[in-house]
1. Can you tell me which of (1) assigned to a loop (DSSP other than H, G, I, E, B); (2) within 24 Å of L176 (Cα to Cα) is the one Y131 doesn't meet?
2. Please list, ordered by first then second residue, the pairs with beta carbon atoms under 8 Å, 6 or more apart or interchain, first in the stretch 158-184 and closer than 17 Å to H66 by Cβ, second among the hydroxyl-bearing types (S, T, Y) and surrounded by 15 or more Cβ atoms within 10 Å (Cβ to Cβ).
3. In the stretch 119-126, is there at least one residue being without any contact (Cβ under 8 Å) to a residue 60 or more places away in the chain, of a type in the set (G, A, S) and under 22 Å from G82 (Cα atoms)?
4. Filter the stretch 219-231 down to the residues that are touching a residue at least 12 places away in the same chain (Cβ under 8 Å) and surrounded by fewer than 17 Cβ atoms within 10 Å (Cβ to Cβ) and list them by number.
5. Out of curiosity, is G205 on the phi > 0 side of the Ramachandran plot and under 17 Å from the mean Cα position of the chain (by Cα)?
6. Mind checking which residues of the stretch 175-233 are within 24 Å of Y127 (Cβ to Cβ) and among the acidic types (D, E)?
7. Go through the residues of the stretch 161-177 one by one and say whether even a single one is among the polar types (S, T, N, Q) and at pLDDT below 95.
8. Residues to consider are L42, L25; find the one that is modelled with pLDDT under 95 and either over 19 Å from the mean Cα position of the chain (by Cα) or assigned to a loop (DSSP other than H, G, I, E, B) (or both).
Amino acid sequence: MSSPKPRARQDPTFGEEVLAFNAGLHFDAPLPPGIEVMNPFLGSPCALAASASFYRKYYADHRERHIILGINPGRFGAGLTGVPFTDPKRLADACGIRISACAPAHEPSSVFVYEVIAAMGGPEAFYRHWYINSICPLGFVRVDANGRKKNYNYYDDRRLEEAAMPFMVECLRRQLAFGIRRDVCFCLGTGKNAAFIERLNAKHGFFGRVIALEHPRYVMQYKSKEKDAYIRKYVTLLTAAATDGPAA
């Protein structure tokens, strides 16, 4: 593991690096039957406009940031806006970015994440220190016999996980070059996602350590009465890392 090289002012901003990365995302490995890739950056007017506005608003600089890694995009958050854990409502109300092409949608994970962000001073303060994506930056859906689509995680099928492995490793390597701090990575999901990222990190040495947090969807679906305690946990650990204090 090594620290990122300081970025020169003439280099592309962090935000422009992210936008170029997103524009080049392409998954072409064989998929299990009934599974499709969800790529919001292939011609979606909402995702293209929303993500461009978002990254140029909050990442128009050369700052180093820590990374938070989720699983893979969901249909009603990043699958629409192109911004991880940010549904159209949070994009408009919390970030002040209103895109006419974005249909109203609600993602429980986005609600939790933006409550954490509010507790940490709001989007401008939060995104100065943090970059959120997913270990697999493109999503997947399972299509049933009636053509209905449902979110699908990369680890829900071992064949999919193995097919996606090279893509995920390469995507993480590319994102580290944006100016990602490598002392610690936060992982959303304390089960299969954490175990997978820990294995990757043990093999490739991306980060000094990986700290797992309960996934926002888990909190909202199963622990809603304890939501405030989980928000405090997020704030405590993330703040410690951002200020170079002990994160655990």
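The values are calculated or read from the model by the stated rules, or taken from the named source; none is laboratory data. Note that the structure is a prediction, hence the values are computed from the model and not measured. Positions of Cβ are backbone-derived with ideal geometry, glycine not excepted, and every protein chain shown enters the neighbour counts.
1. (1)
2. Sorted first by the residue in the stretch 158-184, then by its partner, the pairs are Q175/Y131; F178/Y131; I180/Y131.
3. The initial filter retains those residues of the stretch 119-126 that are without any contact (Cβ under 8 Å) to a residue 60 or more places away in the chain, namely 121-122, 125-126.
So of that shortlist, the ones also of a type in the set (G, A, S) come out as 121-122, 125.
Still in the running and under 22 Å from G82 (Cα atoms): 122, 125.
Within the stretch 119-126, one or more residues are without any contact (Cβ under 8 Å) to a residue 60 or more places away in the chain, of a type in the set (G, A, S) and under 22 Å from G82 (Cα atoms).
4. Looking only at the stretch 219-231, we keep the residues that are touching a residue at least 12 places away in the same chain (Cβ under 8 Å), and these are 219-221, 227, 230-231.
Q221, K227 - these are the residues of the stretch 219-231 that are touching a residue at least 12 places away in the same chain (Cβ under 8 Å) and surrounded by fewer than 17 Cβ atoms within 10 Å (Cβ to Cβ).
5. Numbers: on the phi > 0 side of the Ramachandran plot: yes; under 17 Å from the mean Cα position of the chain (by Cα): no.
Taking the combined requirement at face value, the residue does not satisfy it.
6. D183, E214, D228
7. Taking the stretch 161-177 and keeping what is among the polar types (S, T, N, Q), we get 175.
Applying the additional criterion that residues be at pLDDT below 95 yields none.
No, every residue in the stretch 161-177 fails to be among the polar types (S, T, N, Q) and at pLDDT below 95.
8. Working: L25 fails: modelled with pLDDT under 95.
Exactly one residue qualifies, and that residue is L42.
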